[in-house]
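Structure, as structure tokens:
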Amino acid sequence: MASWIKAARLPSQTYIFLPLLLGEAVALNHGSGFSISRFVTVHLFGLAIQLYIVFANDYADQETDRNNVTFTPFSGGSRVLVDGDLTPFQILKAARLMALTSIGLGMILGVMAGSIVPIIMAVLGVLLLFLYSYRPVQLSYKGGGELLQMIGVGIVLPVMGYTAFSGRLDSFPWEILFVVLPTQLACAIGTAEPDEPSDRADQKKTIPVLLGPLSRKLVVSLHSLTALQIIWLFTPAPVDGLLLLVLLVASVIGQLFFMRSKAGDVGVLAFTFLSILSTLTSMGILCLFFWP
């Protein structure tokens, strides 16, 4: 059991939970009624798709992970295959089970909402990970993996949460993507930063590998832009979200202190943590703003 908990990387569920919650909050803000059954099913889908992602990535990246000596709690996989806690076949079988579970829950949400959109989003979520990690496309190696991650977390999940409650997309506020997409892209880049040496050695064309040290500047710039967008698009900020707004700005500024850190240094761990914190607080502010 301990090995499966390690493989599950449950803290990464926050990346999934908040975008789904944002979609639900927008739907409720637009007049959809709250349903505990839909809420639970949406987040069961979130758990299933997150487990599919971490299991499938562990299987696909097992060789790269073995060469990775600069991994952190936020990057480099769960290490269950590297450490011999589980076998590749066990992880692959679990990934396939979670993929089927995700699609099944998407179908249930589609029936609940009377819409085909949740089903499409579930299938798309599974497909994006396949395109990210597996041949023949394998964009995590060929370049563009961070963009797929941005699309999956920044579009697929909010749309899933929204349509699960509303059953329609015609009133979805697409302008929030100006906030969501940059910060999700920045998070994808930030979490790839510690793995840059092993990714470079294995010829993975991640943004940190392609841009080198400039990638950190890009991450900070995107987060700064996002912070300004939140202030500009959604002021006055809700009083309940003021602390999150302060935390967001502080985390963006904090990244500046670790700009020159190299993979393997404690500074990169701090930089990655602050990148994640910026994204989570951004999403938290949006959720509070829309929650009725």
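The values are calculated or read from the model by the stated rules, or taken from the named source; none is laboratory data. These numbers come from a predicted model, not from an experiment. Neighbour counts are summed over all protein chains in view; Cβ atoms, including those assigned to glycine, are modelled from backbone coordinates with ideal geometry. Remember, those area values only see protein heavy atoms, side chains included, never the ligands or the DNA or RNA. Shrake-Rupley method; radii C 1.70, N 1.55, O 1.52, S 1.80 Å.
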Exercise. Would you be so kind as to identify all helices of the chain, as entire DSSP H runs, whose Cα atoms reach 15 Å or more along the helix's own axis and whose mean Kyte-Doolittle hydropathy is at least 0.0?
Key: 13-29, 36-60, 88-113, 117-133, 177-192, 214-234, 242-255, 266-290
Quiz item: What share of Cα pairs, in percent, lie more than 22 angstrom apart in the stretch 1-120?
Solution: 41 percent
Quiz prompt | Accessible area in the full protein assembly, largest first, 1.4 Å probe, for 43, 223, 30 | solution = 30, 43, 223
Exercise. Kindly give the semi-axes, whole Å and largest first, of the ellipsoid equivalent to the chain, taking each as the square root of 5 times a Cα gyration tensor eigenvalue.
Key: 29, 25, 15
Quiz item: Cβ under 15 Å from residue 185's Cβ, residue 185 left aside: what net charge do those residues give with Lys, Arg +1 and Asp, Glu -1?
Solution: 0
Quiz item: Got a number for the accessible area of residue 116? Probe 1.4 Å, square angstrom, nearest 10.
Solution: 110 Å²
Self-check item: Selected from 62, 184, 50 as most flexible by GNM, with the chain as the system and alpha-carbon contacts under 10 Å
Solution: 62
Quiz item: Which distance in Å, rounded to a whole number, links the C-alpha centroids of the stretch 254-290 and the stretch 141-205?
Solution: 16 Å
Exercise. Please sort by residue number the trypsin sites (Lys or Arg not before Pro) in the stretch 212-292 whose DSSP state is loop and whose Cβ has at most 16 other Cβ atoms within 10 Å.
Key: 260, 262
Exercise. Considering only 140, 282, 12, give the residue with the highest GNM mean-square fluctuation for the chain, with springs between Cα atoms whenever their separation is below 10 Å.
Key: 12
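Please work out the Kirkwood hydrodynamic radius for the stretch 122-251, using every pair of different C-alpha atoms, and report it in angstroms with one decimal place.
Value: 16.2 Å, from the Cα pair sum.
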Exercise. Averaging sequence separations of C-alpha pairs under 8 Å and six or more residues apart, then dividing by the length of the chain, give the relative contact order as a whole percent.
Key: 24 percent
Quiz item: Considering the chain as a Gaussian network with a 10 Å cut-off on Cα pairs, which listed residue, 33, 267, 46, attains the greatest mean-square fluctuation?
Solution: 33
Quiz prompt | Relative contact order (%) - the stretch 145-292, alpha-carbon pairs under 8 angstrom, separation at least six | solution = 27 percent
Quiz item: Leaving out ligands, DNA and RNA, what percent of the accessible area of the chain is carbon and sulfur, probe 1.4 Å?
Solution: 71 percent
Exercise. Quick one: compute the contact order of the stretch 1-133, relative version, from alpha carbon pairs under 8 angstrom and 6+ residues apart, as a percent.
Key: 29 percent
Quiz prompt | Heavy atoms of residue 119 accessible to a 1.4 Å probe, total area in Å² rounded to 10 | solution = 50 Å²
Exercise. Counting only heavy atoms of the protein chains, get the accessible area per residue of the stretch 108-201 (1.4 Å probe) and round it to a whole Å² value.
Key: 37 Å²
Quiz item: Which whole-number percent of Cα pairs in the stretch 110-166 have a distance greater than 18 Å?
Solution: 37 percent
Practice problem: Could you tell me the accessible area of residue 54 in Å² (1.4 Å probe, neighbours in place), rounded to the nearest ten? | Solution: 20 Å²
Self-check item: the stretch 1-100: chymotrypsin sites (Phe, Trp or Tyr not before Pro) in DSSP loop, at most 11 other beta carbons within 10 Å
Solution: 34
Quiz item: Taking Rh as the Kirkwood radius computed over C-alpha pairs, what is the Stokes-Einstein D of the stretch 195-234 at 4 °C in a medium of viscosity 1.567 mPa s, expressed in µm² per second?
Solution: 114 µm²/s
